[in-house]
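Colleague: Take a look at the following structure, please.
We did not get these values from a lab; they are worked out from the coordinates using the rules stated. The structure displayed is predicted, hence computed values, not measured ones. Reconstructed Cβ throughout: ideal geometry from the backbone, glycine too, with neighbour counts over all protein chains shown.
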Amino acid sequence: MESQALLVLLLFVLVLSIFLGFELINKVPSTLHTPLMSGANAISGITIVGALLASGGEGTFSSILVGTFAVFFASINVVGGYLVTNRMLKMFKKK
Amino acid sequence: MIAFFQSSIFVNLAYIFASILFIFGLKMLSSAETAQRGNLVSASGMLIAILVTLAQNEIIAYEYLLIALIGGLIVGVLASSLVKMTSMPELVALFNGFGGIASLLVGVAEFINPSSTTLIQIIAISFTVLIGGITFSGSLVAFGKLSEIISGKPLILFGQRFVLSALLLVALLLVLELIISTGLLNISSQTILFILIGLTLILGVLLTAPIGGADMPVVIALLNSYSGLAASSAGFVINNNVLIVAGALVGASGLILTNIMCKAMNRSLSNVLFGGFGAATASSEGSGQIQGEVKPITAEDAYLILEAANSVLVVPGYGMAVSQAQHVVRELGELLEDNGCEVKYAIHPVAGRMPGHMNVLLAEANVSYDVLAEPDDVNPLMETVDVCIVIGANDVVNPDARENEGSPIYGMPVIEVDRAKTVFILKRSMAAGFAGIDNPLFLKENSRMLFGDAKDSISTLVSEFKS
């Protein structure tokens, strides 16, 4: 029943994080809608952690290959997402 | 010492630290003063998570992953630095799709890896594939529509809803078969997974294709939320909290944005997703009798009115992005200010093709963000505005939203430009807006149409001011 306890723990974390997310970004000025979206999008590239483990960990040739493609796409998401957000935010200036 | 950095306690503490940085980063992203630092905070959280993962002794081979990492790095750097600001919506959509496919592939890799897969993991893999696949193909369709590779018009297939529900049902049955494996289908579980992937990709296309270009802000925000949920779901596959936390934060923020966009259009999410807005044009009849005539104005006459104005409100829409007019708009704004006029910009939340689209373009043109106002701020003071300049916006300034109960957009909060003393409408022709709805604003007593490309018209105004 080890795995059930783990599942409950992970679900617990999930539920709390969703509520935290709603509280965290409740009031966003519309000026920041695009950067917030692309910044959040970069965070969703966290899946790269799973991709790295699949690509570099133990596995069959096919699972490693699939994992490697996952690393490729996730790293575009991460790198591109953060850079483009930074590029936009640099432009927001108050005179 | 090295052993400590590879121990699971250190790795997990580092993941917790990364989660904290994501939380602070997102929080800081929601305020203009701290946003840029917030993005850096969140990026350093990501860097920590990646480095710690790479140092783990679970990773035994680095050749492939390094090639993929470097490849992704190069593509990411090039794409983010070369793309023009006006193409930002499609780039964000594309990155979003890549996040979705990455989560899907993580699920697949774990599935075909022969090391023992628990029941919980199989359920998690099914969901990851489902959400990841929909995010990927949906984002690609959104990318296609935004970059105008495919038509932005809503594409309604016969019996769309029926086909969608049927496919979704089949997908869920396949998931069920993966979980309990009755063997009724007499095919291997891998084949089932591949059929499931195919189905999710079709589902993503079917969900996005019927949505028109003007509704894109909602779709992008929603897909953004999905990509977070896919990552969160992948966290259940590999039993990793940092994926669950980060993914859930993104899922929540995407939903908040989606909700803001829906409210700004006074429509429910299901109406946006399944309404096929703009496909049915024959909906406004009866009270929709429009009277009056269109009164064109030349740039020279418009200049004379602007020259005498004390307060000007600029209302940009997608047309400003299309004609790349943001820089000349800023120039005109500065000339007006030098002339002793107060200049403000009113931005509707759904103007453009993604949330905050107009704000990004005006920021690119160096317009200070404190003169960008929201509809609620400008509407009460509209009577005091001498001239409203509407640049390529249509539905977000349509008075029918307040006056005509038969109009499809009745009830949508709009910028009430018709209450200003004079309204200039910059438009290429009299063609209807994206949603295909008539706009009585063009025929109002105080409206003047300035026909032509927005950039050319404003450039003419600018040179009039300079001469």
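Colleague: Write down the Å³ per residue value for the convex hull defined by the alpha carbon atoms of the range B:359-467.
Modeller: Normalising the Cα hull of the range B:359-467 by residue number yields 128 Å³.
Colleague: Residues of B:23-31, mean number of Cβ from any other protein chain within 10 Å of their own Cβ, rounded to a whole number?
Modeller: 6
Colleague: With a cut-off of 18 Å, note down the residues of the range B:186-216 whose backbone N falls inside the zone around a label point 7 Å from the Cα of B:R161 toward its beta carbon.
Modeller: Output list for this probe position: B:206-212.
Colleague: Per 10 Å bin, what percent of the C-alpha pairs of the range B:83-279 does each bin hold, from zero upward?
Modeller: Cα pair-distance distribution for the range B:83-279, in percent: 10, 34, 35, 17, 4, 0.
Colleague: Need one value for B:33-45: mean number of C-beta atoms belonging to other chains within 10 Å of its residues' C-beta atoms.
Modeller: Shielding by partners across B:33-45 averages 5.
Colleague: Quick one: how many lysine pairs does chain B have with C-alpha atoms less than 18 Å apart and a gap of 8 or more or different chains? Give me the count, please.
Modeller: Lysine pairs meeting the criterion: 11.
Colleague: Could you pull the Rg and Dmax for the range B:333-410, using just the Cα atoms, both in Å?
Modeller: 13.9, 44
Colleague: Relative to 2.2 N^0.38 Å, what does the C-alpha radius of gyration of the range B:1-82 come to as a ratio? Two decimals please.
Modeller: In units of the 2.2 N^0.38 Å rule of thumb, it is 1.31.
Colleague: What percentages, rounded to whole numbers, describe P(r) for the range B:1-139 computed over all alpha carbon pairs with 5 Å bin width beginning at zero?
Modeller: Going out from 0 Å in 5 Å bins, the range B:1-139 shows 2, 9, 11, 14, 22, 22, 12, 6, 3, 1, 0 percent.
Colleague: Here's another thing I want to ask about it. Using 7 Å Cα-to-Cβ label points, what is the B:T182/B:I67 separation (nm, one decimal)?
Modeller: Taking the two extended label points, one gets 4.3 nm.
Colleague: Could you work out the per residue convex hull volume over the alpha carbons of chain B, in cubic angstrom?
Modeller: On the way: hull volume 73.0 nm³, N = 467.
Roughly 156 Å³ of hull volume per residue.
Colleague: While we're on this one: Could you tell me the calculated FRET efficiency between B:L269 and B:L47, based on Cβ-Cβ distance and R0 = 30 angstrom, to the nearest 0.05?
Modeller: Approximately 0.30, to the nearest 0.05.
Colleague: Then there's this: Tell me the relative contact order for the range B:83-279 as a rounded percent, counting alpha carbon contacts under 8 Å between residues six or more apart.
Modeller: 28
Colleague: Whole-Å semi-axes of the protein assembly as shown's equivalent ellipsoid, largest first, each the root of 5 times a Cα gyration tensor eigenvalue?
Modeller: Working from the Cα gyration tensor, I get semi-axes of 47, 26, 18 Å.
Colleague: Residues with beta-carbon under 10 Å from that of B:M265, excluding B:M265: net charge, scoring Lys, Arg +1 and Asp, Glu -1? Please report the intermediate quantities before stating the final value.
Modeller: Working: positive: B:K263, B:R267; negative: B:D215, B:D395.
Here the charged neighbours net out to 0.
Colleague: Could you pull the Rg and Dmax for the range B:75-153, using just the Cα atoms, both in Å?
Modeller: 15.8, 48
Colleague: Shape call for the range A:2-92 from the C-alpha gyration tensor, a ≥ b ≥ c root eigenvalues: rounded (a/c under 1.5), prolate (a/b greater than b/c) or oblate?
Modeller: Values: a/c = 4.90, a/b = 1.30, b/c = 3.77.
In terms of gyration-tensor shape, oblate.
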